[in-house]
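The values are calculated or read from the model by the stated rules, or taken from the named source; none is laboratory data. All figures in this text were calculated on a predicted structure; none of them were measured in a lab. All Cβ positions, glycine included, derive from the backbone under ideal geometry; neighbour counts span all protein chains shown.
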Amino acid sequence: MEKKTYDMRGHQANIARLFVFDKEGFVHMLFYRILIFYSVVYGLAVLVFLTYGLSPLLLKAMTAVLWIFFTPQVYETAKGFSLIGSKGLAFGHLSEEYIFLAKNKYHKGVSIFPTVTTVAFAMWIIGFVMMLLWWNI
Amino acid sequence: MSAFKNGMMFFYGAMAGVPLLLWLVAMLSPYPQYHVVRLAFIALAAVGSIVFGIMGYKEVFSHG
């Protein structure tokens, strides 16, 4: 059965459909859709670099662009694992009273999950800076 | 897991693996003794990147 390309939010082709109520989702979607094409270009550029040769500076610039486009994806993946591991208590858009009570009664250790997500994302950003400074193959 | 049946595990593997490999190449860049390791990682990242893009296109634009 073919996947539906519309739901109550509108058609998938409408790029702005998330912008009004979910700006984080909008940014993720936009960067991901661009990344779909750019990641193929980047992969081919790396293969050309490895076989025939390409300017290392050009490859570094392309890597920086890929790194930027991958950033929302990395954040949402880290957040997704946090959501799963904490059973929705981390990043789950639940009522604060419920989160407080659920953490105290059932899931005392879940406070680690937002921290892990933040650390993982910080490593990605720090990695970007280090890549700009040191990238060399 | 159904992701293994329809090949989506390649997509998820690339989604996680490409950023990880790029990050490792960046971290190993100051050390000349890891030149071959960096070459291997970037080659894997390149393949993963292409897989990610093609499967992403099928999912988002051409719908399988």
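Computed quantities for the displayed model
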| quantity | calculated |
| --- | --- |
| Filtered residue count, the range A:49-75, keeping only those that are loosely packed, with under 14 Cβ neighbours inside 10 Å, without any contact (Cβ under 8 Å) to a residue 24 or more places away in the chain and at negative phi | 6 |
| The range A:94-108: number of residues that are in contact with a helix residue (DSSP H, G or I) (Cβ under 9 Å, 6 or more places away or on another chain) and either touching a residue at least 40 places away in the same chain (Cβ under 8 Å) or charged (D, E, K, R) (or both) | 1 |
| Criterion (buried (at least 16 other Cβ atoms within 10 Å of the Cβ), assigned to a helix (DSSP H, G or I) and free of Cβ contacts under 8 Å to residues at least 60 places away in the same chain) met by exactly one of A:SER82, A:SER111 | A:SER82 |
| Helices (runs of 4 or more DSSP H) within chain B that include 1 or more residues at the interface with chain A (Cβ under 7 Å from one of its Cβ atoms) | B:8-28, B:35-60 |
| Residue match in the range A:10-19 (condition: of a type in the set (Phe, Trp, Tyr) and either at pLDDT 95 or above or closer than 27 Å to A:LYS79 by Cβ (or both)) | yes |
| Test: B:ALA3 is touching a helix residue (DSSP H, G or I) at 6+ places or on another chain (Cβ under 6 Å) and either acidic (Asp, Glu) or surrounded by fewer than 13 Cβ atoms within 10 Å (Cβ to Cβ) (or both) | yes |
| Residue in the range A:1-33 that is farthest from A:TRP67 (Cα to Cα), counting only those that are acidic (Asp, Glu) and away from chain B (no Cβ under 11 Å) | A:ASP7 |
| Failed criterion for A:GLY53 (all others in (1) in a helix (DSSP H, G or I); (2) within 14 Å of chain B (Cβ to nearest Cβ) hold) | (1) |
| Some residue of the range B:26-41 being in contact (Cβ under 8 Å) with a residue 12 or more places away in the chain, touching a Phe, Trp or Tyr at 6+ places or on another chain (Cβ under 8 Å) and buried (at least 20 other Cβ atoms within 10 Å of the Cβ) | no |
| The range A:34-48 - residue that is in contact (Cβ under 8 Å) with a residue 12 or more places away in the chain, at the interface with another protein chain (Cβ under 7 Å from one of its Cβ atoms) and under 14 Å from B:ALA14 (Cα atoms) and, of those, surrounded by the most Cβ atoms within 10 Å (Cβ to Cβ) | A:SER39 |
